[in-house]
Amino acid sequence: MRCLVTGATGYIGGRLVPALLEAGHQVRALARTPQKLRDYPWADRVEVVRGDVTDADSLTEAMRDIDVAYYLVHALGSGSDFEETDRRAARNFGEKARAAGVRRIVYLGGLTPAGVAEKELSPHLRSRAEVGRILLDSGVPTVVLRAAIVIGSGSASFEMLRYLTERLPVMVTPSWVSTRIQPIAVRDVIRYLVGSAILPSEVNRTFDIGGPDIMTYRDMMQGYARVAGLPRRVIVPVPVLTPTLSSHWIGLVTPVPRSIARPLAESLRHEVVCREHDIVRYVPDPPQGPIGFDQALSLALQRIKDAQVVTRWTSASLPGAPSDPLPTDPDWSGGSLYRDERELAVPVDRADLWRVIEGIGGENGWYSFPLAWAVRGWIDRIVGGVGLRRGRRDAHRLRVGDSLDFWRVEEIVPGELLRLRAEMRLPGAAWLELSVGTDDRGRTLYRQRALYHPQGLLGHAYWWSVSPFHAVVFGGMARNIAEAARTAARARREGREPVAGSGTDN
């Protein structure tokens, strides 16, 4: 089959593409920023086209000669009108698929509770349900797979469960911890998505998909503690934590920002349990059956331990995050572009310096004034941003599109350049560029540039208010990265394992 995958940079899409290739299908990936797919291991085996489901014209070319079109995108977090955006995008997708003669649409939606009026659902679930109806009514045979919580390394639901359980041995929780849920392993989600490509043409319906276990969120937290080898948690549910308060609570304790935590919390207010398992008639379960909750956790934790997390919930860009490329014109669009530039000669091989640069962020920190970075991360969380706690997908390697704390990798040239774009809340756009070079004497050079394009008077005021700290933050970063490279080079020569760390500026 010739398959179109939207949302290929996202958590599910990034795992579906290689699974479709393994099944023998041809894949075309639709991406707003094709460059983000460049470093994926399967990138040279797929056709990548630029487009957006909200842009009907771009879908015309994307749908050409396609047999199966996967709809794996949503506008959650893009603003108060996200339901209208989802509605318009789904209509575009259905209309263009029908016009192009696409044989099937496959959509992954959310499992909705039985007996609950749609108006009582969370906006997130209500929009997912509406998108499913629009695609089913498009005139193209459609499969809508409805899942509750997806358990897998890097999923937002898994990260929320993981951090709540690990960080809070005693917790006062919202009443929704007693709501019954039917989680599903991400491997089973991908299996059902791939299998849906070859369903008979007369199948046009929704299917509930879930794992073999039905449990409460409290059960899930205790289950996580058991599988992870942690003591049993003390969980006290109280009725006073509203979805808004719950999302603040989740945002403070876990890396999941409030904008994503709220719809997750709202979706847990009602019981979400599969009412049928008809999908098995078309996509048979393996002999051992669907993956159970404990096994899904074990697989996810092993992936994290082995640094083999393929995609994360942070893989897709945040709606509304700045996406302009790094400006190269000094008078970019006639506006201001502030700079802080540093350069140091470092007596090490280029490879030693590059290893430190590519390992920055996450557990290794930012090599300068840790308290200042932590405070900036907390401020970002308070104002609704992502903060510092997204960490890294891989402890040693980065690729274009990876999230890195409150940055995203915009460009990486192995051994030479790492360019990060800020996704923190700012009155402007910011980049941090770290690079390795050689001077005319053959010495290894470390170069560092922080660039900031302000928006309005507030943007200018922001730059000048923080510029007095640049000598400490950015100057310290340059010195400590150079020192970390020297230490690593010395350890390598002596046959010792280098010790990673955030460094401090003396």
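The values are calculated or read from the model by the stated rules, or taken from the named source; none is laboratory data. Here the structure is a predicted model, which is why all the values come from computation and not from measurement. Positions of Cβ are backbone-derived with ideal geometry, glycine not excepted, and every protein chain shown enters the neighbour counts. For the accessible areas, the whole protein counts, side chains as well, though only heavy atoms, and no ligand, DNA or RNA atoms are used. Shrake-Rupley method; radii C 1.70, N 1.55, O 1.52, S 1.80 Å.
Can you say whether Thr60 is open to solvent by 30 Å² or more (accessible area, probe 1.4 Å), part of a loop (DSSP other than H, G, I, E, B) and either without any contact (Cβ under 8 Å) to a residue 60 or more places away in the chain or among the basic types (Lys, Arg) (or both), as far as the supplied structure shows?
Working: open to solvent by 30 Å² or more (accessible area, probe 1.4 Å): yes; part of a loop (DSSP other than H, G, I, E, B): no; either without any contact (Cβ under 8 Å) to a residue 60 or more places away in the chain or among the basic types (Lys, Arg) (or both): yes.
Answer is no for this residue.
Please pick out the residue among Ala148, Ala156 that is closer than 23 Å to Arg393 by Cα and under 26 Å from the mean Cα position of the chain (by Cα). Break it down into steps so the answer makes sense when it comes.
Numbers: Ala148 fails: closer than 23 Å to Arg393 by Cα.
Every option except Ala156 fails the conditions.
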- Message: Can you tell me how many residues within region 22-44 are open to solvent by less than 20 Å² (accessible area, probe 1.4 Å) and either assigned to a helix (DSSP H, G or I) or closer than 22 Å to Gly94 by Cα (or both)?
- Response: 5
- Message: I'm told Asn92 meets every condition in (1) surrounded by 17 or more Cβ atoms within 10 Å (Cβ to Cβ); (2) closer than 21 Å to Leu193 by Cα except one. Can you identify the failing condition by its number?
- Response: (2)
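Using the structure shown, decide if Arg180 is within 19 Å of Pro212 (Cα to Cα) and surrounded by fewer than 21 Cβ atoms within 10 Å (Cβ to Cβ).
Working: within 19 Å of Pro212 (Cα to Cα): yes; surrounded by fewer than 21 Cβ atoms within 10 Å (Cβ to Cβ): yes.
Taking the combined requirement at face value, the residue satisfies it.
For every residue, the table says whether it meets (1) on the phi < 0 side of the Ramachandran plot; (2) surrounded by 15 or more Cβ atoms within 10 Å (Cβ to Cβ); (3) among the acidic types (Asp, Glu).
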position: Leu420; (1), (2), (3): yes, yes, no
position: Gly428; (1), (2), (3): no, yes, no
position: Leu434; (1), (2), (3): yes, yes, no
position: Asp440; (1), (2), (3): yes, no, yes
position: Ala450; (1), (2), (3): yes, yes, no
position: Leu457; (1), (2), (3): yes, no, no
position: Asn480; (1), (2), (3): yes, yes, no
position: Thr487; (1), (2), (3): yes, yes, no
- Message: I need every pair where a residue in region 12-40 that is of a type in the set (Lys, Arg) has its Cβ under 9 Å from the Cβ of a residue that is part of a helix (DSSP H, G or I) and open to solvent by 40 Å² or more (accessible area, probe 1.4 Å), sequence separation at least 6 or different chains.
- Response: Arg15/Arg187
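This table checks each residue for (1) open to solvent by 50 Å² or more (accessible area, probe 1.4 Å); (2) at pLDDT 75 or above; (3) closer than 17 Å to Val150 by Cα.
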position	(1), (2), (3)
Val203	no, yes, no
Phe207	no, yes, yes
Pro231	yes, yes, no
Val240	yes, no, no
- For region 133-159, pairs from a residue that is over 21 Å from Pro200 (Cβ atoms) to a residue that is of a type in the set (Phe, Trp, Tyr) and open to solvent by 20 Å² or more (accessible area, probe 1.4 Å), with Cβ under 8 Å and 6 or more apart or across chains, are Gly154/Tyr11; Gly154/Trp313; Ser155/Tyr11; Ser155/Trp313; Ala156/Tyr11; Ala156/Trp313; Glu159/Trp313
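Within region 459-469, track down each residue that is of a type outside the set (A, V, I, L, M, F, W, C) and either buried (at least 16 other Cβ atoms within 10 Å of the Cβ) or within 29 Å of the chain's Cα centre (by Cα) (or both). Outline the logic, then answer.
Narrowing region 459-469 to residues of a type outside the set (A, V, I, L, M, F, W, C): 459-460, 462, 465, 467-468.
Of everything in region 459-469, those that are of a type outside the set (A, V, I, L, M, F, W, C) and either buried (at least 16 other Cβ atoms within 10 Å of the Cβ) or within 29 Å of the chain's Cα centre (by Cα) (or both) turn out to be Gly459, His460, Tyr462.
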- Hits in region 139-149 (condition: open to solvent by 10 Å² or more (accessible area, probe 1.4 Å) and out of contact with any Leu (no Cβ under 9 Å at 6 or more places or on another chain)): Gly139
- With Phe406, Phe369 as the choices, which residue is open to solvent by less than 10 Å² (accessible area, probe 1.4 Å) and not polar (S, T, N, Q)? Phe406
- What number of residues within region 281-303 are surrounded by 15 or more Cβ atoms within 10 Å (Cβ to Cβ) and outside any loop (DSSP other than H, G, I, E, B)? 8
